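Have a look at the structure below before the remarks.
The values are calculated or read from the model by the stated rules, or taken from the named source; none is laboratory data. This is a predicted model, so every value here is computed, not measured. Cβ sites come from the backbone with ideal geometry, for glycine too, and all protein chains shown count toward neighbours.
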Amino acid sequence: MKKIKKPDWISQEDWDSVDSPPMTKKQLARMRPAHEVVPQLVAAYRRKRAAKGQAGKRAVSIRLSPEVIAFYKARGAGWQTRIDDTLKAIVQSLQG
(Lines give C-alpha, C1' and ligand atoms only; values in the text may rest on other atoms or scores of the structure.)
Protein backbone atom coordinates (compact mmCIF):
# COMPACT_ATOMS: atom_id res chain seq x y z
CA MET A 1 0.00 0.00 0.00
CA LYS A 2 1.20 3.50 -0.85
CA LYS A 3 2.56 5.45 2.12
CA ILE A 4 0.82 8.79 2.63
CA LYS A 5 3.04 11.83 3.24
CA LYS A 6 2.32 13.77 6.44
CA PRO A 7 0.87 17.24 5.74
CA ASP A 8 2.88 20.10 7.26
CA TRP A 9 -0.06 21.34 9.36
CA ILE A 10 -0.27 18.06 11.35
CA SER A 11 2.22 17.59 14.19
CA GLN A 12 4.45 14.53 14.08
CA GLU A 13 3.05 13.45 17.46
CA ASP A 14 -0.53 13.49 16.12
CA TRP A 15 0.53 11.76 12.91
CA ASP A 16 2.29 8.98 14.83
CA SER A 17 -0.62 8.47 17.26
CA VAL A 18 -3.09 7.50 14.53
CA ASP A 19 -3.30 3.83 13.66
CA SER A 20 -5.88 3.27 10.95
CA PRO A 21 -5.57 -0.17 9.39
CA PRO A 22 -6.77 -0.61 5.81
CA MET A 23 -10.47 -1.42 5.45
CA THR A 24 -11.41 -5.02 4.75
CA LYS A 25 -13.45 -6.07 1.72
CA LYS A 26 -16.37 -6.80 4.07
CA GLN A 27 -16.19 -3.26 5.52
CA LEU A 28 -15.99 -1.73 2.06
CA ALA A 29 -19.01 -3.77 0.91
CA ARG A 30 -21.09 -2.38 3.81
CA MET A 31 -20.37 1.25 2.93
CA ARG A 32 -23.31 3.34 1.74
CA PRO A 33 -23.50 6.81 0.17
CA ALA A 34 -23.86 9.63 2.67
CA HIS A 35 -27.20 10.70 1.16
CA GLU A 36 -28.64 7.30 2.18
CA VAL A 37 -27.24 7.32 5.71
CA VAL A 38 -27.63 10.97 6.76
CA PRO A 39 -29.84 12.67 4.16
CA GLN A 40 -30.54 15.71 6.37
CA LEU A 41 -26.83 16.41 6.71
CA VAL A 42 -26.23 16.11 2.97
CA ALA A 43 -29.22 18.37 2.27
CA ALA A 44 -27.86 21.03 4.62
CA TYR A 45 -24.46 20.78 2.96
CA ARG A 46 -25.92 21.11 -0.52
CA ARG A 47 -28.01 24.22 0.14
CA LYS A 48 -28.38 25.94 -3.17
CA ARG A 49 -26.95 29.36 -3.73
CA ALA A 50 -28.57 31.95 -5.93
CA ALA A 51 -28.44 31.03 -9.59
CA LYS A 52 -25.86 32.80 -11.72
CA GLY A 53 -27.08 36.29 -12.52
CA GLN A 54 -29.47 36.42 -9.56
CA ALA A 55 -28.81 38.40 -6.41
CA GLY A 56 -27.45 36.21 -3.64
CA LYS A 57 -26.48 36.97 -0.09
CA ARG A 58 -23.47 39.16 0.60
CA ALA A 59 -21.01 38.72 3.44
CA VAL A 60 -20.90 41.75 5.74
CA SER A 61 -19.51 42.52 9.16
CA ILE A 62 -22.08 43.72 11.68
CA ARG A 63 -21.90 44.27 15.43
CA LEU A 64 -24.78 42.77 17.39
CA SER A 65 -25.46 42.85 21.11
CA PRO A 66 -24.52 39.72 23.07
CA GLU A 67 -28.21 39.21 23.94
CA VAL A 68 -29.21 39.06 20.27
CA ILE A 69 -26.46 36.60 19.41
CA ALA A 70 -27.24 34.41 22.44
CA PHE A 71 -30.97 34.41 21.59
CA TYR A 72 -30.43 33.19 18.03
CA LYS A 73 -27.57 30.79 18.77
CA ALA A 74 -29.60 29.15 21.55
CA ARG A 75 -32.02 27.95 18.89
CA GLY A 76 -29.30 25.96 17.14
CA ALA A 77 -27.77 25.79 13.69
CA GLY A 78 -28.93 28.30 11.13
CA TRP A 79 -28.91 31.23 13.53
CA GLN A 80 -27.43 33.62 10.96
CA THR A 81 -30.16 32.69 8.48
CA ARG A 82 -32.80 33.33 11.16
CA ILE A 83 -31.34 36.79 11.82
CA ASP A 84 -31.50 37.46 8.06
CA ASP A 85 -35.12 36.23 7.94
CA THR A 86 -36.04 38.54 10.84
CA LEU A 87 -34.40 41.53 9.17
CA LYS A 88 -36.12 40.77 5.83
CA ALA A 89 -39.51 40.60 7.60
CA ILE A 90 -38.87 44.00 9.20
CA VAL A 91 -37.86 45.49 5.84
CA GLN A 92 -41.03 44.12 4.21
CA SER A 93 -43.25 45.46 7.01
CA LEU A 94 -41.67 48.92 6.76
CA GLN A 95 -42.05 49.00 2.99
CA GLY A 96 -45.78 48.46 3.34
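Miscellaneous remarks
- Among residues of region 56-78 being over 22 Å from Ala44 (Cβ atoms) and part of a helix (DSSP H, G or I), the one that is nearest to the chain's Cα centre (by Cα) is Ala70.
- The one condition from (1) at pLDDT below 90; (2) in contact with a Phe, Trp or Tyr (Cβ under 7 Å, 6 or more places away or on another chain) that Trp79 does not meet is (1).
- Hey, Val38 loosely packed, with under 10 Cβ neighbours inside 10 Å, free of Cβ contacts under 8 Å to residues at least 40 places away in the same chain and among the β-branched types (Val, Ile, Thr) or not: no
- Hits in region 1-47 (condition: assigned to a helix (DSSP H, G or I) and either closer than 30 Å to Gly78 by Cβ or touching a Pro at 6+ places or on another chain (Cβ under 9 Å) (or both)): Trp15, Ala34, His35, Glu36, Val37, Pro39, Gln40, Leu41, Val42, Ala43, Ala44, Tyr45
- Complete set of residues in region 68-94 that are of a type in the set (Lys, Arg) and loosely packed, with under 12 Cβ neighbours inside 10 Å: Arg75, Lys88
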